[in-house]
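One structure is given below, encoded as structure tokens.
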Amino acid sequence: SFIMFESNMAGKVRSMSYSQLVGRVLGEKCSVLLEVILVVYCFGTCTGYIIVISKAIESICQTFAIALPSENFPMVLTALVALPLACFRDLSSLAMSSLFAVCSMLYVSFAITLRGVQNGQLYSGETRLINVDSGFFSSMSLIFFAYNCHSNIFSIYGALEYP
């Protein structure tokens, strides 16, 4: 896979960041271009997270009939909570939020599984590999957004502690 290729290449050229790897393999001009691309990419990722979380807050508030002070309140709230988390210099500072994230994922997985087998019935309809319709492109953007881990591999690798 591409992530394995990146880690093997980083070990060969002894680099601990994505920019160093590109700089040593492709040259300084490509390294600068990569920095610009990563800034735009990370800004887009943060914006995407804020939008997704604020939409989830809106739907939760609608479900429980909670009135919001304004239409933009969930987005501002999400940004205010996420901003301090984005300012940490070290990944170990996110240990408690990572634990919360894992617990949340387990809860969501359990809720989806419970909902799927509710009333003793499983979905038995037709499942198609690709369904090209009006929601295809919004689905593809979500899939691409979900696989954005490759640019974080070096910071995670650098934060690992060996016994």
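The values are calculated or read from the model by the stated rules, or taken from the named source; none is laboratory data. Values in this document were obtained by computation on a predicted structure and should not be read as measured data. Positions of Cβ are generated from backbone atoms using ideal geometry, with glycine treated the same way; all protein chains shown enter the neighbour counts. Just the protein is used for accessible areas: all its heavy atoms, side chains included, with ligands, DNA and RNA removed. Shrake-Rupley method; radii C 1.70, N 1.55, O 1.52, S 1.80 Å.
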>> Here is a check on your reading of the model: is residue 36 over 28 Å from residue 138 (Cβ atoms), open to solvent by 80 Å² or more (accessible area, probe 1.4 Å) and at pLDDT 80 or above?
In response: no
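Tell me which residues, restricted to the stretch 54-93, are within 19 Å of residue 108 (Cβ to Cβ) and either open to solvent by less than 80 Å² (accessible area, probe 1.4 Å) or of a type in the set (Asp, Glu) (or both).
54, 56, 57, 58, 59, 61, 74, 78, 82, listed by residue number.
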